[in-house]
Amino acid sequence: VLAIPLWLVGFSLPVLAWWGTSTRLIGLPTRRREAEAWLLAGMLSAFPAIIFNSFIFPLLLPFDAESFEYLLSVLAIGAPVGEEIFKAIAVVLFLPSINGPKKGFQVGYTVGLGFALIENLQYILFSFAGGPISASLTILVRGVGSIPGHAIWTAITGTAIGWLAKDEAFKNRILDRSKSIGIAVVDFAEGFGIDMDGDGDLSGYDGRRTHFEGFSEESPNADSIPKKPPSWHILGESGEDNSFQSENPHAGDKFSLSYVERSQNSSNSGLKTPRGVAPAILVSIIGHSIWNGTSALSYQLPIIFGRGETEAIVSSLAWTLVLVSSVLLFTRGCLLYTSPSPRDS
């Protein structure tokens, strides 16, 4: 009776608030259908992460299931590794629609919010075993604290995926691989008597099998590839082409930069996150691990030193305040780096 309404109030509203704030600061208009898809992907990514954290990773631990070492290992190692990897996979699903680091940040941020929705549902259900005070503290700590944490860790990964999406060589490799897989599927299906391409025969893929990318100047099909225009293109009075290439190979670059590219290359005062996907996931895992590990220690250390449960709760809440403040400052720095600088507006 109480769990679902409290979940909606305690977690859903903070998620929408965080998302609305981030969208306003990033400055990217978002369709409702896109936002719902990102949130849903984050929610779905929580289920394999829960399976990994609850059933697979614990089997690798040498500690007793009731010990603090076991709990700390699950929180500080298993959860960050499993959750950040599965959230990254959810962001990759939207790679075709990600056109740069700012879009990647937005997608990653929203996927993290969706993940927090499902994960926090577990906590609020378990917290009812401790009574109303336990449930209230859980809503406060998880609703205010973990939601921006999940969002910013995934946003770091999303930003790196956004940088990868701007790599033309990577795009060409993806197109190559997609075409190869499509041709193989048509060949395989028509080998079983299914006319996949609707051409009336079962001879397999009938189109050109040579990839468009990677042609050299000597390639027989190179004539079909449009030539790259010179940096400067001038037409004379008679209409003749007086094109010439600048001696400086980078002289024309600044004229072809888009607004997003200019903003990314400007001297913003934000925090620069890794551009590589693997380093970004590693940073996300480390940040997540520090959050989880220190949160557990902030409650357990007072008890180890002989303090009561009240002191442990106060210590945990005080440290949560420090963590939330740190994450908010970190998020602001990432947004400043991802968003356009004033001189570019």
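Could you please find all residues in region 111-120 being at pLDDT below 90 and either open to solvent by less than 10 Å² (accessible area, probe 1.4 Å) or under 14 Å from the mean Cα position of the chain (by Cα) (or both)?
L113, G114, A116, N120
Please work out which residue is nearest to C334 (Cα to Cα), limiting yourself to region 280-308 and to residues that are among the β-branched types (V, I, T) and touching a Ser or Thr at 6+ places or on another chain (Cβ under 8 Å).
V283
Please specify each residue of region 304-317 satisfying the condition of being open to solvent by 70 Å² or more (accessible area, probe 1.4 Å) and of a type outside the set (D, E, K, R).
Selection gives I304, F305, T310, V314.
Return the residues of region 143-192 that are of a type in the set (D, E) and open to solvent by 60 Å² or more (accessible area, probe 1.4 Å); say none if nothing qualifies.
Passing the criteria: D167, E168.
Look at region 261-293 and say how many of its residues are open to solvent by 40 Å² or more (accessible area, probe 1.4 Å) and at pLDDT 85 or above.
Summing the residues that are open to solvent by 40 Å² or more (accessible area, probe 1.4 Å) and at pLDDT 85 or above in region 261-293 gives 8.
Could you check region 59-96 and list, in sequence order, the residues that are assigned to a helix (DSSP H, G or I), of a type outside the set (A, V, I, L, M) and open to solvent by 20 Å² or more (accessible area, probe 1.4 Å)?
Those that are assigned to a helix (DSSP H, G or I), of a type outside the set (A, V, I, L, M) and open to solvent by 20 Å² or more (accessible area, probe 1.4 Å): F68, E69, Y70, F86, P96.
Which of (1) part of a loop (DSSP other than H, G, I, E, B); (2) at pLDDT 75 or above; (3) aliphatic (A, V, I, L, M) is the odd one out, the single condition A251 does not satisfy?
Exception for A251: condition (2).
Report yes if V327 is of a type outside the set (S, T, N, Q) and in contact with a Pro (Cβ under 6 Å, 6 or more places away or on another chain), otherwise no.
Yes, satisfied.
The values are calculated or read from the model by the stated rules, or taken from the named source; none is laboratory data. The structure displayed is predicted, hence computed values, not measured ones. Neighbour counts are summed over all protein chains in view; Cβ atoms, including those assigned to glycine, are modelled from backbone coordinates with ideal geometry. Please note that ligands, DNA and RNA were not included when accessible areas were found on the heavy atoms of the full protein model with its side chains. Shrake-Rupley method; radii C 1.70, N 1.55, O 1.52, S 1.80 Å.
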